[in-house]
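Engineer: Got a structure here, written out as structure tokens. Questions coming.
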Amino acid sequence: MTTPLALQLSLTGRRVVVVGGGPVAARKVRSALAAAALVTVVAPWACEEITDLAGSGALIWTAREYQAGDLDGAWLVFAATGDRDTDEAVEAAATADRTFCVRADDATAGTARSTASVVRDGLQISIGATAGADPRRAAHLRDALAQALDRGDLPLHRHRPGPGRVVLVGGGPGDPDLLTVRGRRELAAAEVVVHDRLGPVGVLAELRPEVLLIDVGKTPGRHPVPQPEINRLLVEHAQAGRRVVRLKGGDPFLFGRGGEEVLACREAGVDVTVVPGVTSAISVPAAAGIPVTHRGLSRQVTVLSGHDAVVTDARAGTDWARLVDPDATLVVLMGMALLPEVTAGLIGAGLAPDTPAAAIANGWTPQQQTVVGTVSTLPADVRAAGLASPAVVVIGAVAALARG
């Protein structure tokens, strides 16, 4: 018994012929197009996916039965008509032309076999049988490997030097289960992780010992690593050929200064991408049972940096009146230290003092606390309960829906 030789074929710009027009043929077409092949389909009829691709110019569809000569110039052939006699004839013609042929109707026939494949982070993992073809077994194993890769359970780190890059990963509000699949995969491939104090820092313990961890976390009034230095660290490690993950709480582009870090990388010529995260502005209220929009109560949401609003008010005058809308929800981030100033500004601009308000500290963690009151009482309520940052403040009718 022989073992098939496993290869990766370059089909870029090369002719591939798919004989057949049904859903099975469409799967073969997708694979060939993904490999940048020049695809021709030969079939008297074709499913909607193939006709749409033909209409867009992605492939050539010869709308008739298979004929001798249809395989001329092909590098690879897929026989997928569902008719055994036709598929055998296609295989015979391909073999005579010394062209490899995959038989969709019989995995044990043909001169080549399709594999069950998964592509992640520049790697293609293919599974095929050496004997006794069992496509479902291979597909089930492929799916299990894909899930393990996406969870970060399998090593994706490089063993050979390569180009450096930076990935900004939004870690969500703190619960590791709310870190996205893509975020976990990027962490599994990281060589350097520059992280804040918020977000799912517990996942750092799961990383390989050789991963360099750099803590640049800020606390209210204390910024031990200023933003320009964080930018410099990202660029420096990427230019040294390392894969850098910038792990942030929430979403990088919502008051996370992710835009500044992206610009710094671009200006330095560093490859940079962003993996969005579950923002605390919506998820932390949800943890307390508060929907930031609700039919009949709130038709829009404004997210405010409490610190910036108060500082701007002192310097240039925040237009608090623009934030007052009884049919809207105001979500305040980074506002606990200046909560009395925020609520006073809103009340002074006309917001009803009895407007419901809530504060949720340490959302999605075992230490989560929720305080519900009104915009006029919330500063005192929060102080009495001993709530502190990190916390999210919700002001508007929806705050009354909070679980106590």
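Engineer: Assuming R0 = 35 Å, what is the FRET efficiency of LEU7 and ASP215, from their Cβ-Cβ distance, to the nearest 0.05? Please report the intermediate quantities before stating the final value.
Structural biologist: Working: r = 45 Å, r/R0 = 1.30.
Efficiency at R0 = 35 Å is approximately 0.15.
Engineer: Something else: Highest mean first, what order results for 139-147, 156-164, 237-245 on Cβ atoms within 10 Å?
Structural biologist: Numbers: 139-147: 14.3, 156-164: 11.8, 237-245: 19.9.
Ranked by mean Cβ neighbours within 10 Å, highest first: 237-245, 139-147, 156-164.
Engineer: Placing +1 at every Lys and Arg Cβ and -1 at every Asp and Glu Cβ, with all other atoms neutral, what dipole size does the chain have around its Cα centre, in debye to the nearest 20? Kindly include the intermediate steps, with their values, before the conclusion.
Structural biologist: Details: 38 positive and 42 negative charges, 151 e Å.
For this selection, approximately 720 debye.
Engineer: A follow-up question, please. Can you name the helices of the chain, as whole DSSP H runs, whose Cα span along the helix axis is 15 Å or more and whose Kyte-Doolittle mean is not below 0.0? Don't skip to the end; give the middle numbers.
Structural biologist: On the way: long enough: 23-34 (16 Å, 0.34); 84-96 (18 Å, -0.52); 135-150 (22 Å, -0.53); 227-239 (18 Å, -0.67).
Membrane-span-like by this rule: 23-34.
Engineer: To continue, here is another question. If you work out P(r) over Cα pairs in 20 Å bins from 0, in percent from the coordinates, which of [x] 25, 49, 21, 5, 0; [y] 28, 54, 17, 2; [z] 22, 36, 29, 12, 0 do you get?
Structural biologist: Structure-derived value, by its label: [z].
Engineer: Right, something else. Mind ranking 45-55, 93-103, 393-403 by how tightly packed they are, going by the mean number of other C-beta atoms within 10 angstrom, highest first?
Structural biologist: Numbers: 45-55: 16.1, 93-103: 17.9, 393-403: 22.4.
Result, highest mean Cβ count within 10 Å first: 393-403, 93-103, 45-55.
Engineer: Another question, if that's okay. With a cut-off of 8 Å between alpha carbons and a minimum separation of six or more residues, what is the relative contact order of the chain in percent?
Structural biologist: Details: 809 pairs, mean separation 41.6, N = 404.
Rounded, it is 10 percent for the chain.
Engineer: Set the Förster radius R0 to 45 Å, insert the Cβ-Cβ distance between ARG84 and GLN147 as r into 1/(1 + (r/R0)^6), and round the FRET efficiency to 0.05.
Structural biologist: Efficiency computed from Cβ-Cβ geometry: 0.80.
Engineer: Shape of the range 165-275 from its Cα gyration tensor (a ≥ b ≥ c, root eigenvalues): rounded if a/c is under 1.5, otherwise prolate when a/b > b/c, or oblate? List each step's numbers first, then the result.
Structural biologist: Details: a/c = 1.40, a/b = 1.12, b/c = 1.25.
Since a/c stays below 1.5, the shape of the range 165-275 is classed as rounded.
Engineer: Can I ask one more? Go through 351-360, 254-263 and give me the packing order, highest mean Cβ count within 10 Å leading. It would help to have the intermediate numbers written out before the result.
Structural biologist: Details: 351-360: 21.4, 254-263: 17.8.
Top of the packing list down: 351-360, 254-263.
Engineer: So how strong a dipole does the range 165-275 carry about its Cα centre when Lys and Arg Cβ are +1 and Asp and Glu Cβ are -1, to the nearest 20 debye?
Structural biologist: Details: 15 positive and 15 negative charges, 9 e Å.
Using only the charged Cβ atoms, the result is roughly 40 debye.
Engineer: In percent, how large is the relative contact order of the range 319-404, given Cα pairs closer than 8 Å and 6 or more residues apart? Don't skip to the end; give the middle numbers.
Structural biologist: Values: 157 pairs, mean separation 33.3, N = 86.
Once normalised by length, the contact order is 39 percent.
Engineer: Continuing with this model, one more query. Bin width 5 Å, alpha-carbon pairs only: give the P(r) of the range 282-401 as whole percents, running from 0 to the bin holding the largest distance.
Structural biologist: P(r) over the range 282-401, rounded to whole percents: 2, 13, 25, 26, 20, 10, 3, 0, 0.
Engineer: In deg cm²/dmol, rounded to 500, what helix-only [θ] at 222 nm does the chain give when every DSSP H run of at least 4 residues adds -39500 (n - 2.57) and the total is split over its residues?
Structural biologist: Details: 11 runs with 118 residues, N = 404.
Computed ellipticity for the chain at 222 nm equals -9000 deg cm²/dmol.
Engineer: If I stretch the segment between ARG299 and ASP52 completely, what's the gain in nm (0.36 nm per residue apart, minus their alpha carbon distance), one decimal?
Structural biologist: Working: separation 247, 0.36 × 247 = 88.92 nm, distance 3.94 nm.
Length gained between ARG299 and ASP52: 85.0 nm.
Engineer: Indicate, rounded to the nearest 5 percent, the antiparallel portion of the DSSP beta bridges found entirely in the chain. Could the numbers behind the result be given before it?
Structural biologist: Values: 23 of 64 bridges.
Bridges in the chain that DSSP calls antiparallel: roughly 35 percent.
Engineer: Hey, got the dipole for the range 1-80? About the Cα centre, +1 on K and R Cβ, -1 on D and E Cβ, debye to the nearest 20? All intermediate terms of the calculation are to be shown ahead of the outcome.
Structural biologist: On the way: 6 positive and 6 negative charges, 46 e Å.
Roughly 220 debye for the range 1-80.
Just so you know, all these numbers are worked out from the coordinates, no wet-lab data involved. What you are looking at is a predicted structure, and each value in this text was computed from that prediction instead of being measured. Glycine gets a Cβ as well: all are built from the backbone with ideal geometry, and neighbour counts include every protein chain shown.
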